[in-house]
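Each remark here refers to the structure printed beneath this line.
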Amino acid sequence: MAIAVRRPMTLGRREAIWAYVLISPWIIGFIIFTAGPMVASLFLSMTNYDVVNPPTFLGASNYVKMFTQDRQFWHALRVTLTYAVVAVPLGLTFGFMLALMLNARIPGVSVWRTVYYMPSVVSGVAVAILWSTLFNARFGIVNWVLSWFGIKGPAWLSSPDWALPALIIMSLWGVGGGMIIYLAGLQGIPTTLYDAAKVDGANAWHQLRHVTLPMMTPIIFYNLVMGVIGTFQYFTNAYVMTRGGPVEATLFYNLYLYFNAFSYMKMGYASALAWVLFVIVLLLTLLIFRSSAAWVYYEGSLKR
């Protein structure tokens, strides 16, 4: 009679088991709080659901209505794209310029770094209320400063022409977050590259163009991706300051989605809007990743 011999568990197998045990809380949380709601949202996007009554299956009707009948969908998408095209490059540029200045050896540099970073961690609602006061047409500081130069300030948040530019200007308030990432990247550039450039006769502009910028492209790439994703999730400031007005001048995509879900109680249609937003952000992110091969330089990589 043969006796089965139980082989001892190998070290690799024990480590694999413990790895799955330790990450199981995250896996469970992901399934319950992310994957599950996403699947439910995909189903609801093909239904007529108002929370009170059971969902009624409609197929692709929500998507057909969105692309062929809903004028506000295209308007909200246009507002969001306009904001992204202007605000993202501005944020990238100002953050990089601040990082360059704060990377220099100047007195009290640590204090200045803190001062410029702090606004990026302030609560969104508090910032929105603060800037609503600054942009006030009658007693706001912005128009008061413009009056020093003989300029009559516009109505800003009450004007269809100036409400969106006001929010774009306000977006520069949070460039400190990107600045810190740029600063970390600048301090990681080997000084030997600058020494070699100086030996070759490179001035400050040449060093910036041929050393700093190429070495910083991975950081610029990261901030670009996060900036695009962030602009398509823009909500708090527009909701608190303008609620999409005046005359829908600041009706951002996320704001329109929110109104459909919680004001009009069109949960099915709002779910369809959410999935279209997901696809748009995914396509834009993939486009940026595909373009990175032409302009992002990774140290140690060889280009053929």
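Annotations for the structure displayed:
- Cα gyration tensor shape of segment 236-297, rounded if a/c is under 1.5, else prolate or oblate by comparing a/b with b/c: oblate
- Long-range HN-HN contacts of Thr47 with modeled amide H, under 5 Å: Leu58
- Expressed per residue, the C-alpha convex hull volume of segment 115-210 stands at 155 Å³.
- Alpha-carbon Rg/Rh ratio, for the chain, with Rh computed the Kirkwood way: 1.09
- Most fluctuating residue given options Ile32, Ile17, Ile151, as computed from a GNM of the chain linking Cα atoms under 10 Å: Ile17
- Cα centroid separation - segment 32-58 against segment 238-254, whole Å: 26
- Global form of segment 60-164, assessed from the alpha-carbon gyration tensor, a/c cut-off 1.5: oblate
- Net +/- balance of residues flanking Pro190 in space, Cβ distance below 15 Å, scoring K and R +1, D and E -1: -1
- At least 27 Å along the helix axis (C-alpha) and Kyte average at least -0.5, DSSP helices within the chain: 11-30, 71-102, 213-232, 267-295
- Ordering of 157-167, 263-273 by packing [mean C-beta count within 10 Å, highest first]: 263-273, 157-167
- Pair Ile189, Thr56: separation of 7 Å Cα→Cβ label points (nm): 6.2
- Working note: 222 nm ellipticity from helices only, DSSP H runs with n ≥ 4, each -39,500 (n - 2.57), summed and divided by the residues of the chain, gives -20000 deg cm²/dmol to the nearest 500.
- Computed over segment 152-268, Cα set: Rg, Dmax in Å: 21.0, 67
- Convex hull of segment 200-257 built on C-alpha atoms - directionally averaged projected area, nm²: 5.9
- Taking the chain as a Gaussian network of alpha-carbon nodes connected by springs under 10 Å, the highest mean-square fluctuation of the residues Ala196, Ala238, Ala184 belongs to Ala196.
Bear in mind these aren't lab numbers, they're just calculated from the coordinates by the rules spelled out. These numbers come from a predicted model, not from an experiment. Quick reminder, even Gly has a Cβ in these numbers, built from the backbone with ideal geometry, and neighbours come from all protein chains shown.
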